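Chemist: Just dropping this structure here.
The values are calculated or read from the model by the stated rules, or taken from the named source; none is laboratory data. Predicted model, so just to flag it, every value in this text is computed and none were measured. So basically every Cβ, Gly included, is an ideal-geometry build from the backbone, and we count neighbours across all protein chains shown.
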Amino acid sequence: MLSFKTAQDGGRQEQAIVEGQEGWKEEGVSGHLNWTFRNDTDPFAKKDWYDIKAPSVFNTRNVGKTLVTRTQGTKIASDGLKGRVLTCSLADLQNNEADAHRNIKLRVEDVQGRNCLTNFYGMDLTTDKLRSMIRKWQTLIEAHVDVKTTDGYVLRMFAISFTKKRQGQVKKTAYARSSQIRQIRKKMVEIMTREATSCDLKELVGKFIPEAIGKEIEKSCQGIYPLQNTFVRKVKLLRAPKFDINKLMEVHGDYSAEVSEKIERPAEEIVGAAPEEAAE
């Protein structure tokens, strides 16, 4: 079908149709005809859906699906998937609404069949949770440190905490002195460094989920000044070691058995050959 537009009567557009020429449309300006080909094919017809698999440290392994253009020529579909970063709520990964204030970033490291194997890439608090903790009459204390896990991942960890009233305190303010803030910040850095450098990335993520590091900071700083709402606010992955498929399979636990099954195929008979030759 051929269609064209002409500017007449103060910009009113009229269309004329010519039978027998489908797939063309007009892109011209007033008084001129400019014919271009219109591609009516569905763009999703050339794409495939892949399942996203989370590491075994989380309760929910099937995170969702992602779309990619299927392999065409030298353009491999798996190359377009590797390196994708996905943000998931910890509530969905753990099936627990109490963890909805956490966002976990996962990066696709490898593709096995129709499954994208991911690994931990970062973590942060949601904006509404962070803003709900900031109030009057208290002191906000923050600290950050770069740490290296035993398996070679370099992370930057950010911690946040707030002072609270002492037991039986009548005064409504709970402000810490500068010397106390420095002591608390030093404790934060020491605890984050100790907890991160003594384990690998998988074990460290296991500490992030129940807020074990934040609870340890509150307990250690109780003698300096009482703290509340202590969290590892954010984690950024700065540097990762060279990719190793065996370590990725360890992160995904028993998933390696699903993707590495050996398939025995019977020998194919050669067309036009004698039975003895086909058997050989």
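Chemist: If I ask for residues that are of a type in the set (Gly, Ala, Ser) and touching a residue at least 24 places away in the same chain (Cβ under 8 Å), which ones from the stretch 100-148 would you list? Steps first, please.
Modeler: Restricting attention to the stretch 100-148, the residues satisfying the condition of being of a type in the set (Gly, Ala, Ser) are 100, 113, 122, 132, 143.
Result: 100, 113, 122, 143.
Chemist: Please enumerate the residues belonging to the stretch 171-202 that are hydrophobic (A, V, I, L, M, F, W, C), in a helix (DSSP H, G or I) and touching a residue at least 40 places away in the same chain (Cβ under 8 Å).
Modeler: Listed by number, the residues that qualify are 181, 184, 188, 189, 192, 196, 201.
Every residue, every condition in (1) outside any strand (DSSP E or B); (2) modelled with pLDDT of 90 or more; (3) in contact with a Phe, Trp or Tyr (Cβ under 8 Å, 6 or more places away or on another chain), yes or no:
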| site | (1), (2), (3) |
| --- | --- |
| 205 | yes, yes, yes |
| 210 | yes, yes, no |
| 215 | yes, yes, no |
| 218 | yes, yes, no |
| 222 | yes, yes, no |
| 228 | no, yes, yes |
| 234 | no, yes, yes |
| 237 | no, yes, yes |
| 249 | yes, yes, yes |
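Chemist: List every residue pair whose Cβ atoms lie under 7 Å apart, where the two residues are 6 or more positions apart in sequence or sit on different chains, the first residue falls within the stretch 70-99 and is exposed (fewer than 15 other Cβ atoms within 10 Å of the Cβ), and the second residue, located anywhere, is of a type in the set (S, T, N, Q).
Modeler: What qualifies is 87/103; 95/59; 95/60.
Chemist: Of the residues that make up the stretch 114-124, is at least one more than 30 Å from residue 78 (Cβ to Cβ) and at pLDDT 95 or above?
Modeler: No, that holds for no residue.
Chemist: While we're on this one: Just to be sure, is residue 168 outside the structural domain of residue 210 (by TED's automatic domain parsing), assigned to a loop (DSSP other than H, G, I, E, B) and out of contact with any Leu (no Cβ under 7 Å at 6 or more places or on another chain)?
Modeler: Spelling it out, it is not the case that residue 168 is outside the structural domain of residue 210 (by TED's automatic domain parsing), assigned to a loop (DSSP other than H, G, I, E, B) and out of contact with any Leu (no Cβ under 7 Å at 6 or more places or on another chain).
Chemist: Can you name every residue in the stretch 151-179 that is surrounded by fewer than 16 Cβ atoms within 10 Å (Cβ to Cβ), within 30 Å of residue 241 (Cβ to Cβ) and modelled with pLDDT of 95 or more?
Modeler: 154, 156
Chemist: What is the residue count in the stretch 138-182 for residues that are under 30 Å from residue 201 (Cβ atoms) and polar (S, T, N, Q)?
Modeler: 3
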